[in-house]
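Below is one structure, written out as structure tokens; comments come after it.
The values are calculated or read from the model by the stated rules, or taken from the named source; none is laboratory data. Remember, predicted model here, so these are calculated numbers, not experimental data. Positions of Cβ are backbone-derived with ideal geometry, glycine not excepted, and every protein chain shown enters the neighbour counts. For accessibility, only protein heavy atoms count, side chains too; no ligands or nucleic acids. Shrake-Rupley method; radii C 1.70, N 1.55, O 1.52, S 1.80 Å.
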Amino acid sequence: MTATAADGPLTPRQAERRRGILRSATALAARGGYEAVQMREVAEGAQVALGTLYRYFPSKVHLLVAVMREQLERLQEQVRRRPPTGADPAARVAEALTAAFHALQREPRLAEAMVRALSFADRSVGSEVDEVVQLTGAIVLTAARLPDPPTADQQAALRVVVHTWHATLLVWLSGRASLAEVRADLHTAARLLAPAPAGPGERPELQRVPPPASGGVPAPG
């Protein structure tokens, strides 16, 4: 977690200062999007010195990725308090993540700022991005309520769901996908967590494609 990490765990006063910085950044992003989050204005809103702000967050990207992490923590708590009621894991995951999209609809500029920061993140923000990815995965598992600990295949499916969530967030924010399309994509990806068993006579494995007959298709002339 970015915030005087080299100095060890935050003291209560440092933790409160960090929360104030995140509140200031969130308010600026909600009003004006990514461009509105200027470090000097964040510091003024949080009533901290600019140098202090940079000790907690080395850049605007670090700061907004941390804002996204905080928003996801709130979502995870909501999923715990009000578990989705879908009939199967895929439906429950799609329900929870679609609810998150509805929440983002209420603050579209904040959503845009967080997603842009995540897209701009380079290796220096790697640990913070990893935290966002891990937290998104934890939310998916909380919503899915799988009957057993996830298998290796389900862990791989979990990564697909997380990637799908971030990809659909991008296309939705750009206006290239409707909420109904987003929900359908999330549901499709979430089905990988608990695929339906093959019915009688069905073969789940891929069928081998026979080679073409000799002389069947002439080569382009």
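Of note:
- Condition check for residue 11: open to solvent by 80 Å² or more (accessible area, probe 1.4 Å) and β-branched (Val, Ile, Thr): no
- Restricting the first member to region 21-33 and to residues that are closer than 13 Å to residue 107 by Cβ and open to solvent by 10 Å² or more (accessible area, probe 1.4 Å), and the second to residues that are of a type in the set (S, T, N, Q) and outside any helix (DSSP H, G or I), the beta-carbon pairs closer than 9 Å and six or more apart or on different chains are 28/38.
- Counted residues, region 163-206 - those being more than 29 Å from residue 108 (Cβ to Cβ), at pLDDT 90 or above and out of contact with any helix residue (DSSP H, G or I) (no Cβ under 6 Å at 6 or more places or on another chain): 0
- Qualifying residue in region 12-35 (condition: of a type in the set (D, E, K, R), farther than 18 Å from residue 169 by Cα and at pLDDT below 95): yes
- Subset tally (residues that are more than 15 Å from residue 99 (Cβ to Cβ), touching a residue at least 12 places away in the same chain (Cβ under 8 Å) and within 15 Å of the chain's Cα centre (by Cα)) for region 168-194: 4
- Annotation: residue 53 fulfils all but one of (1) under 21 Å from residue 120 (Cβ atoms); (2) assigned to a helix (DSSP H, G or I); (3) open to solvent by 20 Å² or more (accessible area, probe 1.4 Å); the unmet one is (3).
- Test result for residue 120, more than 12 Å from the chain's Cα centre (by Cα) and open to solvent by less than 20 Å² (accessible area, probe 1.4 Å): no
- Under the condition of being open to solvent by 20 Å² or more (accessible area, probe 1.4 Å) and touching a residue at least 40 places away in the same chain (Cβ under 8 Å), the residues counted in region 62-74 number 4.
- Filter result for the condition that a residue is more than 27 Å from residue 14 (Cα to Cα) and hydrophobic (A, V, I, L, M, F, W, C), over 79, 42, 48: 79
- Apart from one condition, residue 80 fits all of (1) over 19 Å from residue 195 (Cα atoms); (2) open to solvent by less than 50 Å² (accessible area, probe 1.4 Å); the exception is (2).
- Hey, residue 90 assigned to a helix (DSSP H, G or I), modelled with pLDDT under 95 and crowded, with 21+ Cβ neighbours inside 10 Å or not: yes
- Test: residue 95 is in contact with a Pro (Cβ under 7 Å, 6 or more places away or on another chain) and either open to solvent by 30 Å² or more (accessible area, probe 1.4 Å) or free of Cβ contacts under 8 Å to residues at least 12 places away in the same chain (or both): yes
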